[in-house]
Amino acid sequence: MNSDTRRGRPALGESMGGRLPLGPIVLGLACLLLSCDAPNDRVIHPTFPDGGMLKSADELPAASGARLRGLYQVTAAGARFGDTVAVQGTRDWVSILAAANTAYAAMKAGCIDNGHKLVLEGYWRYAHRTDTGLIRLFVDPPEAASALCAGASLPADAAPLRLSGAVGIDRDLPGEPAAFSFQEPLRVDPDHHTFVLAHRGGCRTSDDCGASENSAEVIRIAESLGALGVEVDVRVTADGVPILYHDDEFTPRLTRGEYCHGSVEEFTFAHVRALCTLKYGERVPTLDEALAAALRDTTLRGVWLDIKSASAIVPAVHVASRYNAEAATLGRAFVVVAGLGDSDLVDAWVQQGAGAFGVPCLAEESEHDVRRAGCLVWAPRWTLGPMAAQVAAMQGEGRSVAFWTLDEVEFINMFLRDSTPNAFLTNRPGLVFQRFQLLGAAHPAGVEP
Amino acid sequence: MKRLAAVCVVTALSTLALRASAQEPTRALEADLHLGWARQIAPSVDHTYETWSRNGGIAAHGGLVLRSRYFLSPFLDMGYVQLYSSDEEKDVGPPLGTLKSQNSLSAWSLVGGPAVDIGRVRLRAGMGVYRLQVRSTVLGATITPTELDLGYLVTLGVTLWRSERWKLGLETRAFLISEAETGAVSLGVCGGWDTVRW
């Protein structure tokens, strides 16, 4: 009997009706502590063993990718891709973009058999889940494939395009039939209308589309997801270097690094480089590096800079103006737009005279902000509703309207049905691309490059 | 062999604890002090660029426990733990090239929760705020950013010696700072003093 029982205080074991299970508690806590050291469950997009058929293929001429564009009927693999998909072809990618399962396929194209066969290889993915696998398709009819491989237009008398082949699951080689038949050209021309803006450079880190959010790497793959432009977040370091990063603090949510903790604005750029990498190992890019990637390594049509603080406005538009000038020199359809997320930033924009840099601006909060800052884009949050009259009024003044951030098919459908937006900012660019083609229309825009 | 040693240590400590379990008063406001050595256990550290490193360092904590007639005794604990220190040399590419850095990471804490005494063994579990403190020097510039997060603490202590108001023992602590995904354990001596008893 111990002192507690002598004094009338029940011993712990008695009060609990047994001994306290210390062992399991300590073990459980140890597991809890160690579990945070477990590797991230990344989605690894599979690749073909030994490089697949593309390894020995000739490159598809740059202009030919766009000739594959169109709305296609799904004739096999409908359970994955639904009834109708949009096919988007760019200089570097051919993508199948579906509404069903938020599915998309990102493929590279190559010519084999002396340019008589055109093969597409890559991976498919459900954007809102982790399902993925390989996909390999061939372009038919053969005369169309030969023409595309030669860089020529499609023969007028050729049968409609057909993409046929198979998909696999995870790393398994494709074995499940997949086929898509051309129905009609795209209804909203992606060469003239920037109607899909991908959030955080392409996707959020939590979506894991193949690279960390706000990285140069995710900007380089944004087109394959269906994006025509990207939105990135801009902050400035203690020594005035504009970098891409969303949160106000470096934390393990978005970064790696033993010492990568604390306010972004306390870090010098050298400290950022020395101490931090993004979640999947990429560098935290400067705005300069990010815009260089967007302009030179992709055919994206624009970048929306979500400027996070007043101190970042001038450094950001200084860099942006250089890239807008370079795009004009190159004859490239590309524009960088400075985004002002609230009225305080609009005040700062006006006070700092940032408009003098010639970079178009975008205001999110109200039409009044758009007008007083002389912005060309209004970007209201989607929770305010479709606001058809206000959208039309803005467009009547020669401005564009881009809603943020729409990811759900029901709401995308509603906004396209009830309003006339120029674009959506989204975490599901493939879904928005496909919906815009089926339900949307091209509208006058203030900042199309 | 290690298991046998661990069993011996636990048995010896238990014997001491039971022998010392005699005259603890029911109610008291007890001031505690813990001084030990900490080791970071999470996250795993990338050693690629290190030219020198030290995992862990001093752990110092002080606090109050209100012992009552009920088996849960509330406690408040403040502490400081050195988590990791290293010198690194990393090629970050142009325009900065190779950067040398001297870095350290530590944590300050303020945690509250219940304590349970079983004879001379005390188990505590609590939650509170942790402030991670970075100190880093690169290219002659030193920064000291901090990150404030929620964290969880568990301690297991055993009293080996006790007098009327004083006691001395060993204590092991483990904490996890949730959003920072940082955790550490420490082992050290602990002392207690009944400042007020009734």
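No value in this document is a laboratory result; all are computed from the given coordinates. What you see is a predicted model, and the numbers here were worked out from it, not measured in a lab. When we count neighbours, we look across all protein chains shown, and the Cβ atoms used for this are built from the backbone with ideal geometry, even at glycine.
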Within a 10 angstrom radius of each residue's Cβ in A:271-284, how many Cβ atoms of other chains show up on average? Whole number is fine.
4
Candidate lysines for bridging to B:Lys90, where Cα separation is under 19 Å - those fewer than 8 sequence places away on the same chain excluded:
A:Lys279, B:Lys100
For peptides A:127-133, B:103-109, sequence by mean Cβ density within 10 Å, most packed first:
B:103-109, A:127-133
State the antiparallel share, in %, of DSSP beta bridges confined to chain A, rounding to the nearest 5.
65 percent
Averaging sequence separations of C-alpha pairs under 8 Å and six or more residues apart, then dividing by the length of chain A, give the relative contact order as a whole percent.
12 percent
If the elastic network links every pair of Cα atoms under 10 Å, which of A:Ala105, A:Ala222, A:Ala179 fluctuates the most in the Gaussian network model of chain A?
A:Ala179
Relative contact order for the stretch A:171-228: what is it in percent, counting Cα pairs under 8 Å that are at least 6 residues apart?
29 percent
Once you order the gyration tensor axes a ≥ b ≥ c over the Cα atoms, which shape class does chain A get: rounded for a/c under 1.5, otherwise prolate or oblate by comparing a/b with b/c?
oblate
Of the candidates A:Ala238, A:Ala316, A:Gly302, the farthest towards the positive dipole end of the protein assembly as shown (Lys/Arg Cβ +1, Asp/Glu Cβ -1, centred on the Cα centre) is A:Ala238
Tell me the net charge near A:Val236. Cut-off is 11 Å between Cβ atoms, A:Val236 excluded, with +1 for each Lys or Arg and -1 for each Asp or Glu.
0
Exposure-ranked with fewest Cβ neighbours within 10 Å first, A:Ser146, B:Ser53 stand as B:Ser53, A:Ser146
Sequence ranges A:400-413, B:135-148, A:257-270, ranked by mean other-Cβ count within 10 angstrom, highest first:
A:257-270, A:400-413, B:135-148
If contacts are Cα pairs under 8 angstrom and at least 6 residues apart, what is the relative contact order of the stretch A:219-268 in percent?
32 percent
With a 10 Å cut-off between alpha carbons and a GNM built on chain A, which of A:Ser215, A:Ser181, A:Ser206 moves the most?
A:Ser206
So what's the net charge close to A:Thr298: Lys and Arg +1, Asp and Glu -1, counting the other residues with Cβ under 9 Å from its Cβ?
0
If you place +1 on the Cβ of every Lys and Arg and -1 on the Cβ of every Asp and Glu, how big does the dipole about the Cα centre of chain A come out, in debye to the nearest 20?
560 debye
Report the net charge of residues surrounding A:Leu163, where surrounding means a beta-carbon distance below 13 angstrom and charges are Lys +1, Arg +1, Asp -1, Glu -1.
+3
Which aspartates and glutamates, if any, have their Cα less than 13 Å from the Cα of A:Lys117, not counting same-chain residues under 8 positions apart?
A:Asp58, A:Glu59, A:Asp140, A:Glu143
Counted neighbours (other Cβ, 10 Å), sorted fewest up, put A:Asp92, A:Asp41, A:Asp297 in the order A:Asp41, A:Asp297, A:Asp92
